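The values are calculated or read from the model by the stated rules, or taken from the named source; none is laboratory data. A quick note: this is a predicted structure, and the numbers were derived from the prediction, not measured. Cβ placement follows ideal geometry from the backbone for every residue including glycine, while neighbour counts extend to all protein chains displayed. The protein model used for the area step is the full one, side chains on, heavy atoms only, and it has no ligands, DNA or RNA in it. Shrake-Rupley method; radii C 1.70, N 1.55, O 1.52, S 1.80 Å.
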Amino acid sequence: MKLTINGKNYKISAEPETPLLWVLRDEIGLTGTKYGCGIAMCGACTVHVDGQPVRSCSLPLDQVEGEITTIEGLGTPEALNIIQQTWIDHQVAQCGYCQSGQVMSAAALLSTIDTPTDKDIDEAMSGNLCRCGTYPRIRAAIHDAASKLKDA
Amino acid sequence: MGKILRRSFLIGSTAIAGGVAFGYWSYKNPHPNPLQKSLNPDQTSLTPYVLIDQSGITIIAPRAEMGQGVHTTLAALVAEELDVALKDVNIIHGPASKAYYNAAILKEGISKPSTDVSKGAERQRAFMDIPAKFLGMQVTGGSTSIPDAYTKMRKAGAAARIALIKAAAKEWNEKPSTLKTANGHVIAPDGRTLSYQELAPLARSIKLPRNPALKPKSAWKILGKSQRRHDIVGKSTGTALYSMDVRLPDMVYATVKMNPHIDAGMKSFNADHARTMAGVQKIVALDNGIAVIANNSWNAFRAANEVDCDWEPAAYHTSSEEIEKSILNSFAADFKDSQFKNEGNVTKIFEETRSGENTLLEGTYKVPYLAHATMEPMNAVAHLRDGKLDIWVGTQLPTQVVKEAEAITKLKEKNITVHTTYMGGGFGRRAEMDFVIQAIKIAKIMEGTPVKLVWSREEDMRHDVYRPAAMAKFKAVTKDGKISAIDLQVSASSVVDSQMGRIGISIPGPDSTIAQSAWDQPYAIPNYRVTAYKAPIMLPVGSWRSVGASQNAFFQETMLDEIATAGGMDPIAMRLAMINHEPSYKVVETVSKLSNWDKPLPAGQARGMAFCLSFGVPVAQVIEIEQTPDGLKLAKIFAAVDVGTALDPANIRAQVKSAIIYGLSAAIMGEITIADGQVEQSNFHDYDAMRLYQVPAMEVAILENNPHIHGIGEPGLPPIAPALGNAIFALTGERIRALPMNKSITFI
Ligand code: FES
Ligand code: FES
């Protein structure tokens, strides 16, 4: 099985029914994508497949069609994506465990709607659980990132 | 230590037998600096909290970073006195060591309310340092990290700074008093500078002052101001390391499947089919279930599902109904645990209450078991080889990890290394050792090979140590618009017995957490009695963010609202008239102003308020709600808190909001139920939590009238459930006496 992840090609030997999440984490070592529930209920495992947000815990390897982007591909500490920078400016994270998924969902939202309303944010982000309750800052950061992306 | 502890003090009572029996000398003598053990030649450790080498200055923040931002604030305490910028230091958790024991953890257990700052009460609190030190527990909990570290870590920074100044003085042949420091440098009167890194080797031989002077607050440059969190970049880029993310060469992946029946073992298992599945390396019996070792987590998970286990049935209490009966039956003399409050003559007032001028109110409340449901399921990585064990784990209790590892591997402490990683939430769950013990046992079975143990969310949900289910009964008498008597009784399993029992410590005396925030509230009521009953332990229970206050505030503050509304009194005015503690008075007054309490809301909207003092912090909250066609909407939340000294205001506000949201999840939808001796919930589809669209805007006011500094990880939580219930009563006339609320109310 061949995958393109963050612009790099990988040959994967895991069983075809292995969820993408575990391929990323255990086979490739991209551990930024997190396991929270395994049943598409928490969003911690969110990645992009051809720009669309996908719960990687529920996507079997043999059904992956398209290029994958993970949190590591979005930006790095040395070269932050605007959304990550905004997440830092707003001090969004607490325990941080859900935040890769939050950032990926937010990035997908902002790539389709450049000025999301609160309602758009509600809809796009409610599949991402945060047990630490960072929601107020997530909302603020998305609004802020939207205006920064427009200026960029 | 268990034995010494048992003989030496009683938590929750006044006795501290023979603190001096340990010997003043050995008490005064500090635990050795654990950093000295593993220093490279170029490294200098001036105190257990400061490590300097060529790469820079590292501050040890030896508490669990599980989202509270504690690493940043702890490091700020040292950095302030050391005179370095926070951005210029590295911050690590550091090793497991008694040197990092928590001196504040037992203070909340004394028999005086935290509002009592009399000499006697303060002496009792100070005494608690003695058993705490001998217990040597490096533990994060009870919102104690900041009060414990506040003086200790500032002194560590100040002492290190003095040593560096003395080293520079020697080098330059100047008087220390003529030298200054700034940004990690010592500065001579003529402008010459030496960096702390250059000076560190020279400072090694300098004796540290024991009691260095601390800066006055007015001179603070870092403390008191909102800081950028040290972990924020890692946590925004997926690069922060949780134990879940540790990868070692040739590592294998394990999972467990445990008997879902409470406290029951396994008769036998059949893994014939599972052993043939992809990637499976080993399947073994482990305690009350099996462990699967495979080449990745998912192969381990799916093989575990295919193992046929013959489970023992649960021995007792096989349903929520039976458990509820048992809690109710515990309101009896045989189960009486404490009566920390008994003022006036409650019995007499009730006997006299017959005439129409007085109102008698009665009620019963209940709350269910709750899971912690941390975002990161329980996991650990362990590697046993060549007579050494390394374990990477997100733990709130690193010194206990060492003890468990010693017992299982028979290795000496010096051959055991605990790497405490970031934690994807803790909330009390990561003070437990169950998953740690399993990881070490599996590492022993796989000796030579590193093992990552990951619990599935399902195992995590069904094998938690839950917030106890609890009940309360109250009776109250009001006369002439004033409360003349309250009798409040609460019944719950003992968290202290259950939790401490699991680590082999038994603590005599009452469990102060059963009555926590029920007996010690700053209300002056002439006849006031609070009795706590200890129900048997049914499900294993543990510390859950804010512990006993999480249920008792709901009981106490719903009761007060019932009393207020029955007597036509304004809930805030009624409380203000009774509160006898200035900082508490001020938070209620502040939240009243902040929320425009006196200004009526339009039809279809209402507000409710509640107050709770827990972990020394008075907190008042007001919530506004609104009826919509789709259900009840939370519209706005206001909170006022008093932590004494606010070290990092932005972080404090974040913690209060976090606690409110965690508390709302519990109040609105949180419930663990039992059927057929098993926990019925298994994942977020049946144990959900607040989602972004449900969370309203919030405003938090921080006050500083409290005479002591207190931590804020938990105190924001308790008032929100009663505030919401009280708002619902104001809106609909329906009184919420049981949680969760979504059983009777539709929320959007
Ligand atoms: S782990 Fe995929 S949605 Fe929870
Ligand atoms: S930051 Fe901890 S779960 Fe979201």
Item to check | Which numbered condition residue B:501 misses (of (1) of a type outside the set (D, E, K, R); (2) open to solvent by less than 40 Å² (accessible area, probe 1.4 Å); (3) within 26 Å of residue B:328 (Cβ to Cβ)) | outcome: (2)
Checklist entry - Can you spot a residue in the stretch B:104-114 that is free of Cβ contacts under 8 Å to residues at least 60 places away in the same chain and more than 20 Å from the chain's Cα centre (by Cα)? => result yes
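Listed here are the residues, each with its yes/no results for (1) outside any helix (DSSP H, G or I); (2) away from chain A (no Cβ under 14 Å); (3) more than 23 Å from residue B:551 (Cβ to Cβ); (4) free of Cβ contacts under 8 Å to residues at least 24 places away in the same chain.
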{"position": "B:681", "(1), (2), (3), (4)": "yes, no, no, no"}
{"position": "B:687", "(1), (2), (3), (4)": "yes, no, no, no"}
{"position": "B:699", "(1), (2), (3), (4)": "yes, no, yes, no"}
{"position": "B:705", "(1), (2), (3), (4)": "yes, yes, yes, no"}
{"position": "B:710", "(1), (2), (3), (4)": "yes, yes, no, no"}
{"position": "B:717", "(1), (2), (3), (4)": "yes, no, no, no"}
{"position": "B:724", "(1), (2), (3), (4)": "no, yes, no, no"}
{"position": "B:727", "(1), (2), (3), (4)": "no, yes, no, no"}
{"position": "B:730", "(1), (2), (3), (4)": "no, yes, no, no"}
Checklist entry - Taking the stretch B:262-288 on its own, how many of its residues are at positive phi and buried (at least 16 other Cβ atoms within 10 Å of the Cβ)? => result 2
Checklist outcome for this item: Taking the stretch A:48-66 and keeping residues among the charged types (D, E, K, R), part of a loop (DSSP other than H, G, I, E, B) and under 26 Å from residue A:141 (Cβ atoms) leaves A:50
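Considering B:489, B:516, which residue is crowded, with 24+ Cβ neighbours inside 10 Å and in contact (Cβ under 8 Å) with a residue 24 or more places away in the chain?
Values: B:489 fails: crowded, with 24+ Cβ neighbours inside 10 Å.
From the options B:489, B:516, the qualifying one is B:516.
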Checklist entry - Of all residues in the stretch B:352-382 being assigned to a loop (DSSP other than H, G, I, E, B) and more than 25 Å from the chain's Cα centre (by Cα), which is nearest to ligand 1 (Cβ to nearest atom)? => result B:353
Checklist outcome for this item: Of the listed residues (B:152, B:87), the one being within 14 Å of chain A (Cβ to nearest Cβ) and over 23 Å from residue B:427 (Cβ atoms) is B:87
Checklist entry - Which of the residues belonging to the stretch B:523-544 are touching a Ser or Thr at 6+ places or on another chain (Cβ under 9 Å) and outside any strand (DSSP E or B)? => result B:525, B:526, B:536, B:537, B:538, B:539, B:540, B:542, B:543, B:544
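One line per residue, one yes/no per condition, for (1) at pLDDT 90 or above; (2) surrounded by 22 or more Cβ atoms within 10 Å (Cβ to Cβ):
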residue	(1), (2)
B:84	yes, yes
B:100	yes, yes
B:111	no, no
B:115	yes, no
Next on the checklist: So, in the stretch B:453-508, how many residues would count as being in contact with a helix residue (DSSP H, G or I) (Cβ under 7 Å, 6 or more places away or on another chain) and aromatic (Phe, Trp, Tyr)?
Outcome noted: 2
Checklist entry - Looking at the stretch B:417-432, is at least one residue closer than 30 Å to residue B:658 by Cα, more than 16 Å from ligand 1 (Cβ to nearest atom) and touching a Pro at 6+ places or on another chain (Cβ under 8 Å)? => result yes
Item to check | Residues satisfying the stated conditions in the stretch B:401-453, i.e. over 23 Å from residue B:71 (Cα atoms) and among the basic types (Lys, Arg) | outcome: B:403, B:410, B:412, B:414, B:441, B:444, B:452
Checklist entry - Within the stretch A:127-150, how many residues turn out to be acidic (Asp, Glu) and either outside the structural domain of residue A:87 (by TED's automatic domain parsing) or within 11 Å of ligand 2 (Cβ to nearest atom) (or both)? => result 0
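Yes/no per residue for (1) closer than 29 Å to residue B:263 by Cα; (2) among the polar types (S, T, N, Q):
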position	(1), (2)
B:463	yes, no
B:467	yes, no
B:471	yes, no
B:477	no, no
B:488	no, no
B:501	yes, no
B:504	yes, no
B:527	no, yes
B:537	yes, no
Checklist entry - For the stretch B:242-265, which residues satisfy the criterion of being within 14 Å of another protein chain (Cβ to nearest Cβ) and outside any helix (DSSP H, G or I)? => result B:242, B:246, B:247, B:248, B:249, B:250, B:251, B:252, B:253, B:254, B:255
Checklist entry - Does residue A:51 qualify as being within 15 Å of ligand 1 (Cβ to nearest atom) and not hydrophobic (A, V, I, L, M, F, W, C)? => result no
Checklist outcome for this item: Here, helices (runs of 4 or more DSSP H) confined to the stretch A:88-152 with at least 1 residues that are within 16 Å of ligand 1 (Cβ to nearest atom) and modelled with pLDDT of 95 or more are A:99-112, A:118-125
Checklist entry - So is residue B:637 outside the structural domain of residue B:71 (by TED's automatic domain parsing) and either without any contact (Cβ under 8 Å) to a residue 12 or more places away in the chain or buried (at least 24 other Cβ atoms within 10 Å of the Cβ) (or both) or not? => result yes
Checklist outcome for this item: Considering the stretch B:186-229, residues that are open to solvent by 50 Å² or more (accessible area, probe 1.4 Å) and within 14 Å of chain A (Cβ to nearest Cβ), and then whichever is nearest to residue B:71 (Cα to Cα), we arrive at B:228
Checklist entry - Are there any helices (runs of 4 or more DSSP H) wholly within the stretch B:128-215 with 3 or more residues that are in contact (Cβ under 8 Å) with a residue 60 or more places away in the chain and closer than 17 Å to residue B:33 by Cβ, and if so which? => result B:145-172, B:196-203
Next on the checklist: Suppose we keep only residues that are of a type in the set (A, V, I, L, M) and in contact (Cβ under 8 Å) with a residue 40 or more places away in the chain within the stretch B:561-573. Which one would you say is nearest to residue B:530 (Cα to Cα)?
Outcome noted: B:563
Checklist entry - Within the stretch A:3-49, which residues are within 16 Å of ligand 2 (Cβ to nearest atom) and open to solvent by less than 10 Å² (accessible area, probe 1.4 Å)? => result A:32, A:33, A:34, A:35, A:36, A:37, A:42, A:43, A:44, A:45, A:46
Checklist outcome for this item: How many residues of the stretch A:36-48 are near ligand 1 (Cβ under 6 Å from one of its atoms) and touching a strand residue (DSSP E or B) at 6+ places or on another chain (Cβ under 7 Å)? The answer is 3
Item to check | residue A:76 free of Cβ contacts under 8 Å to residues at least 60 places away in the same chain, open to solvent by 10 Å² or more (accessible area, probe 1.4 Å), away from ligand 2 (no atom under 16 Å from the Cβ) and more than 16 Å from the chain's Cα centre (by Cα) | outcome: no
Checklist entry - What number of residues within the stretch A:17-47 satisfy the criterion of being facing another protein chain (nearest Cβ under 10 Å), of a type in the set (A, V, I, L, M, F, W, C) and not in a helix (DSSP H, G or I)? => result 7
Item to check | Residue that is nearest to ligand 2 (Cβ to nearest atom), among those in the stretch A:86-126 that are open to solvent by 10 Å² or more (accessible area, probe 1.4 Å) and at the interface with chain B (Cβ under 7 Å from one of its Cβ atoms) | outcome: A:91
